[in-house]
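Read the figures in this text as sums done on the coordinates, not as results from a lab. Since the structure is predicted, the reported quantities are computational estimates derived from the model, not experimental observations. Cβ coordinates were reconstructed from backbone atoms using ideal geometry, including for glycine residues, and neighbour counts include every protein chain displayed.
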Amino acid sequence: MAVLYSEKLLDHFRRPRNYGSLTDPDVSHESFNPLCGDRIRLELKLENNAVTQAGFVGDGCAISIAAASLLTEMISQKDLTFLKTITDEQLIDALESDIKPARLQCALLALEALRAAGP
Amino acid sequence: MEELFTDLEKLARVEKRVAMATLVGTRGTTPKREGAKMWVGEEGRILGSVTIGGCVDARVITEAEKALASSQPRLLQVDLGDEDAWEMGLSCAGSLDVLIEPFDLADPKLVDTYRAVRAAVDDGKTVAIVTPLKDSASRILVMEDGATSGVLDDDVRRVALELIRKRKSATVSIGNESVFFEVHGPSPTLIVFGAGHLSMPLVSLARGLGLKTIVVDGRPRFATRERFPEADKLLVGIPSEIAQTLSYNSSTFVVLTAHDYKYDLPVLKVVLRAGAAYVGLLGSKRRGKSIKDFLKEDGMDQSLLDRLHVPTGLDIGAESAAEIALSILAEAVAIKAGRRGASLREKE
C-alpha cells in the first residue's frame, strides 16, 4: 500500500481532517458506491454564501476517506462560487497518488456528495 | 423467553387451570438451567420442559397433576443418580429442584405478571420475579432500575439487582429463606456487519437459535429483505455510525463478515468498546494481526483488542458458508457460556 499511495494520502486516511458530524448543518448529502460499499456524508455550515465549516463522516477505503478529508480542507472558508469550480482532476491531484481508473469512483465520492448537495 | 410467553398465552386460551413447573435449583451436571419451565394443563396439555426429556419430565408431569388436584404448590427434588441418568440417556448425575405451582387462569395474576415482564423485556429491560420458595404466592417483580411491584426486603432487592446485572436466574438463601430469582431480559441478539453471502446462513441459523438478528451494510443491494427474510432489522447506512446507535450487552454477539478494512476498522473502534458478549471478525490470523496492529497504533488498549475473536469460529473444518456460520455461532455461544467449545466427550 505504501508503494501505491502517497504519504499525504495515507496521512489523511489515518488522521482524517474535519471528520465528524456537524451540529445542524445547512447542507448535507450522503453518497455511496453501491457495489463496494463506501459511504461518505458531507456536511456544511454556510454563512454569507461561504462555507464556514465543512465536515464529513463515512466508512470507506483509504482513497475515499483521504479524498473526503482533503476536500473538506479545500472548501473550508471558501466562497460557494469556488466550490463549483473544483474539478475531478484537482481532487485527484491533491491525493498525490497514482489513482487507477477502477478507483476513480472512490476518489470522487466526496466530490459527488458536494455536487449533489448543491450549495 | 419468547417461548415462555407464547406457551402461557396459548394455554390461557384453552386451559382453565395449569401447573407451572419451574427449575429453581440445579446441582452437578444438569441439562437445563434455572428458570426452565414446563406447563401442565388440567386438560392434559404439556408445553416446555425442565430437562431435555425422559423420566424427570414424566415425574414432573405426575407431580404437576397432583399439585392441580390438591391446589397446593410443591417443591420437587430429583436426584439424577447414575442409574436414572442412564435410563434417560443422559450422561449427567446432578440434582434438580423443581417448584410446581397450580394456577387458575381465570385469575389474571400470573398472566399479568408475565405480561408486565414481557412489556419490560420488549422495552429492552431486564427484570426479576422474586419468589420465596416457602410462599410462592407472594411474587414480586423487580425492575432493573430498582423499582418493585411490592414491598421487598433490602437484601432481597440487592440480590435481585445483582442477578439482573448478571442476567442469571438462581435460588439464593437469604436469612432463613430460600428465594428464587427468575430473571428475564431481552433475547440474545446477533449483529452482523456485512450483508454478504456468508451472512445469510449466519442469520438463518441465529434465528433458529432464538437470537434476534440485525444486519448492517452500506450497500442497499446487499442488505435486502429478499436475501435476509428472517432478519429482525436490516440497517443500511454508514456502518460505524449505525454501530454507535445500537445497544450492546452480555447477550449481544457481534460478527463482522465484510472482510473489508473500510468497514472492519471503524466498526471495531465502536464495538470493541461497547461490552458485547462476543466480537468476531472474519479473516485469517495474519489479517487479524494487521487489523489489531492498526487499531493499536490508533490508540486502542490491548485489553480491548484481546476481546476480538479473529479468525472467528471454532475449528470444525468448516468450508461452506453454512458450516462457517455454524462454527461462528458455536464459538459465540461457548464464549458467552464461559466454555472453550471443546468436544463434550473430552470433558472431565
Top mean-square fluctuation among A:R103, A:R39, A:R17, Gaussian network model of chain A, C-alpha springs under 10 Å? A:R103
Work out from phi, with θ = phi - 60° and the Karplus expression 6.51 cos²θ - 1.76 cosθ + 1.60, the ³J(HN,Hα) of each residue of the range A:92-98, listed in order in whole Hz, and give x for Gly and Pro. 5, 4, 5, 6, 6, 9, 8
Viscosity 1.306 mPa s, temperature 10 °C: what is the translational diffusion coefficient of chain B from Stokes-Einstein with a Kirkwood Rh over Cα pairs, rounded to a whole number of µm²/s? 72 µm²/s
Please report, in Å, the Rg and the Dmax of chain A, where both are computed over Cα atoms only. 13.2, 43
For the protein assembly as shown, calculated [θ]222 nm from helices alone, where every DSSP H run of n ≥ 4 adds -39500 (n - 2.57): -10500 deg cm²/dmol
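Restricting the count to DSSP beta bridges whose residues both fall in the protein assembly as shown, what percent are antiparallel, rounded to a multiple of 5?
That works out to approximately 75 percent antiparallel.
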Using only Cα atoms and rounding to the nearest 10 degrees, what angle (0 to 90) does helix B:109-122 make with the longest principal axis of chain B? 10 degrees
Taking amide H positions as placed 1.01 Å from N in the peptide plane, with prolines and chain starts having none, which residues 5 or more places from A:D26, or on another chain, fall under 5 Å of its amide H? A:L44, A:K45, A:L46
Quantify how strongly other chains surround peptide A:38-44 by giving the mean number of their Cβ atoms within 10 Å of each of its Cβ atoms. 3
Relative to the longest principal axis of chain B, what angle (0 to 90°, nearest 10) does the C-alpha long axis of helix B:2-14 take? 40 degrees
A:D59 long-range amide H proximity, modeled H, under 5 Å: A:R39
Give the cross-link partners of B:K289 among the lysines, using a straight C-alpha distance below 20 Å as the criterion and excluding same-chain residues fewer than 8 apart. B:K262, B:K269
List, in order, the whole-Hz ³J(HN,Hα) value for each residue of the range B:235-243 obtained from phi through the Karplus relation with A = 6.51, B = -1.76, C = 1.60 and θ = phi - 60°; use x for Gly and Pro. 10, 10, x, 7, x, 5, 6, 5, 4
Using a Gaussian network model of chain B whose springs link C-alpha atoms within less than 10 Å, name the residue from B:G210, B:G28, B:G283 with the highest mean-square fluctuation. B:G28
Tally Lys and Arg at +1 and Asp and Glu at -1 over the other residues with C-beta under 15 Å from the C-beta of B:T171: what net charge comes out? 0
For chain A, set up a GNM with springs between Cα atoms under 10 Å and report which of A:A67, A:A50, A:A102 has the largest fluctuation. A:A102
State which entries of B:K66/B:K212; B:K125/B:K296; A:K45/B:K212; B:K285/B:K336 exceed 32 angstrom in Cα-Cα distance in the structure shown. B:K66/B:K212; B:K125/B:K296; A:K45/B:K212
Suppose we take every Cα in the protein assembly as shown and form the convex hull; what volume per residue is that in Å³? 189 Å³
Residue-wise HN-Hα coupling along the range B:280-292, computed from phi with Karplus coefficients 6.51, -1.76, 1.60 (Hz; x: Gly, Pro): x, 10, 6, x, 6, 4, 5, 5, x, 5, 4, 4, 5
Scan around B:R17 for amide H atoms under 5 Å from its own, H built in the peptide plane at 1.01 Å from N, and keep only partners 5 or more places away or cross-chain. B:E42, B:E43, B:L105
Long-range tail of P(r) for the range B:270-315 (Cα pairs > 13 Å, %): 53 percent
